[in-house]
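Enquirer: Below is one structure. I have some questions about it.
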Amino acid sequence: MSLSPRSLNFVAELVQKQSGIVVSADKDYLVVSRLMPIARQEGHADVDRLVDALKRRRHRALEARIVEAMTTNETTFFRDVHPFMTIQKQLLPRLVEARRKDRKLAIWSAAASTGQEIYTIAMMIREHFPELRRWQLELHASDLSSEVIEKARSGRYAQHEVNRGLPATLLLKYFTKTDDHHWQLKDEIRSMVDFREINLIGSWPSDQPPFDLVLLRNVLIYFEAETKVEILQRLERRMTPGSALMLGAAETTMGLDDTYERVLDGTTTYYRLRRGLLRESDNGKADGPRLQVAG
């Protein structure tokens, strides 16, 4: 099913304005596949007619559904494995030692999707860092989509989701089977995480703690260079001295922000804050609220 260039431009402009995500001209097939269900729900024969209706009368709730539909929510437990091994073997031990005096540690999964990434971190901490039970430990996770955030909060996953990357030992230890096709994450792990709806190009919550580790994996690739720079600079003001930033394999801070130092650990690259910038205002952008991506 085809999509007119005019409709594609409308969707691309809407998505970029509200999320920062760039929808290129060759993604018409993606727009059709993701928006066709919404078009039918709204009583339209195709996406062109859905767009025509939006042009005639603005509908903020429908616009939000379109933007959410154009975000990519691909994630798994222990996704790509190696970054999590670096977190377990290198980053967390170093951060625990550095923060031992204050006994505070904060981690942010800033494109959490349905929650597997931050729950992986939570299970890792329970398994390998028992002393953190006595610390002020804050695990934050956020996403642009309210729908995926609700799923993440629920901690309920289908069989095929737990089959992707989650070791059987952790599945049996931290999940309860609810029926033939679903598993429920135990409250012991779910209660460790604070989930919020946050848009990286919007305001961020003012009550977030300074973070020691930020995971922003496979997000920057969807933004223009100017937006990438702005996000990286805002992150600096939310990170503690010597903190670490974990990006996706195809992403980098190089050529964008020299505040971050590239560190290679085997096959994993992460970025360390060169200097400690304490939290400060975002020049009128209330550090506040919604996040995530289209692909």
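Enquirer: I want to verify a result. In a Gaussian network model of the chain, Cα cutoff 10 Å, which of these has the top mean-square fluctuation: Asp257, Asp212, Asp52?
Expert: Asp52
Enquirer: From Cα coordinates alone, what are the radius of gyration and Dmax values for the stretch 5-69 in angstrom?
Expert: 10.6, 28
Enquirer: Here's something else I'd like to know. Once the Cα gyration tensor of the chain is found, what semi-axes does its equivalent ellipsoid get, as square roots of 5 times the eigenvalues, in whole Å, sorted largest first?
Expert: Working: eigenvalues 225, 116, 54 Å².
Equivalent-ellipsoid dimensions as semi-axes: 34, 24, 16 Å.
Enquirer: In 5 Å bins starting at zero, report the fraction of Cα pairs in the stretch 175-263 per bin as a rounded %.
Expert: It works out to 3, 11, 19, 21, 15, 11, 8, 8, 4, 1, 0, in whole percents.
Enquirer: While we're looking at this one, here's another question. Using the number of other C-beta atoms within 10 angstrom as an exposure proxy, rank Ser154, Ser142, Ser109 with the fewest first.
Expert: Details: Ser154 14, Ser142 26, Ser109 30.
The fewest-first ordering by Cβ neighbours comes to Ser154, Ser142, Ser109.
Enquirer: Using alpha carbon coordinates only, what is the Rg to Rh ratio of the stretch 168-222, with Rh defined as the Kirkwood radius?
Expert: 1.09
Enquirer: Please report, largest first and rounded to whole Å, the three semi-axes of the ellipsoid equivalent to the stretch 43-174, where each semi-axis is the square root of five times an eigenvalue of the C-alpha gyration tensor.
Expert: Semi-axes, largest first: 38, 18, 12 Å.
Enquirer: Using Cβ counts within 10 Å as a stand-in for footprinting exposure, how do Thr259, Thr71 rank, fewest first? Please report the intermediate quantities before stating the final value.
Expert: Details: Thr259 18, Thr71 23.
Listing Thr259, Thr71 from fewest to most nearby Cβ atoms yields Thr259, Thr71.
Enquirer: Then there is this: At a 10 Å Cβ-Cβ cut-off, how would you order Tyr222, Tyr157, fewest neighbours first?
Expert: Tyr222, Tyr157
Enquirer: Only loop residues by DSSP count here, and only those with at most 16 other Cβ atoms within 10 Å; note down the GluC sites (Glu not before Pro) in the stretch 41-92 that meet that.
Expert: Working: sites: Glu42, Glu63, Glu68, Glu74; in loops: Glu42, Glu74.
Within the stretch 41-92, the qualifying GluC sites (Glu not before Pro) (loop, at most 16 other Cβ atoms within 10 Å) are Glu42, Glu74.
Just so you know, all these numbers are worked out from the coordinates, no wet-lab data involved. Remember, predicted model here, so these are calculated numbers, not experimental data. When we count neighbours, we look across all protein chains shown, and the Cβ atoms used for this are built from the backbone with ideal geometry, even at glycine.
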